[in-house]
Amino acid sequence: MALNITEKIYERLLQTGKPIVIDFWAEWCGPCRRMAPIVEQLADEYKEQAFIGKCNVEESEELATKFMVTSIPTLVFIDSKGQVADRIVGAQSKAAVEERIKKML
């Protein structure tokens, strides 16, 4: 199951040294809803290797601003050193997202 990532949770996740994938989304966003099952599947499949979660931009504006999210859905890939390794804007296939996760591992 994908984590609900807020600013506070993000800071705790960074301390673990595991890669993080954040799906920035909103309830009213159609493409975000299409991405939701993909993010859930990948969160389950990679739960041992990375934290994969969702951040509602309307509830966690600080985190969205921190990562300069201007369009949703946006997936941000943070490596084990806490650096942004990649980002995807717009709905993507599971294979496209998984390819980027594997590059980080």
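So how far apart, in nm, are the two label points at residue 41 and residue 4 if each is 7 Å from Cα heading toward Cβ?
In this crude spin-label approximation the distance works out to 2.5 nm.
Do any of 81/103; 47/102; 8/103; 8/102 go past 21 Å between their Cα atoms, and which?
8/103; 8/102
Please check the chain for the longest run free of GluC sites (Glu not before Pro) that are loop-located per DSSP (anything but H, G, I, E, B) and have at most 14 other Cβ atoms within 10 Å.
No qualifying site falls inside 60-105, the longest such stretch.
Of the listed values (i) 0.91; (ii) 0.96; (iii) 1.52, identify the label whose number matches Rg/Rh (Cα atoms, Kirkwood Rh) calculated from this model.
Only one option fits the structure, namely (i).
For residue 15, what is the net charge nearby, where nearby means another residue's Cβ is under 13 Å from its Cβ and Lys, Arg count +1, Asp, Glu -1?
Result for the neighbourhood of residue 15: +3.
Over the chain, with every protein chain in place, what whole percent of the accessible area is carbon and sulfur at 1.4 Å, could you tell me?
Of all accessible area on the chain, carbon and sulfur atoms account for 51 percent.
Longest span of the chain, sites excluded, free of trypsin sites (Lys or Arg not before Pro) in DSSP loop with at most 14 other C-beta atoms within 10 Å?
Result for the longest clean stretch: 1-46.
Among residues other than residue 25 whose Cβ falls under 15 Å from its Cβ, what is the net charge (Lys/Arg +1, Asp/Glu -1)? The partial results should precede the final answer.
Values: positive: 33, 34, 54, 87; negative: 23, 27, 40, 58, 59, 61.
Computed value for this residue: -2.
Net charge near residue 1, counting Lys/Arg +1 and Asp/Glu -1 over other residues with Cβ under 12 Å of its Cβ?
Summing Lys and Arg as +1 and Asp and Glu as -1 gives -1.
The values are calculated or read from the model by the stated rules, or taken from the named source; none is laboratory data. Please read all numbers here as calculations on a predicted model, not as lab measurements. Please note: Cβ atoms are built from the backbone with ideal geometry, for glycine as well, and neighbour counts cover all protein chains shown. These area figures cover heavy atoms from the full protein model, side chains too; ligands, DNA and RNA do not enter into them. Shrake-Rupley method; radii C 1.70, N 1.55, O 1.52, S 1.80 Å.
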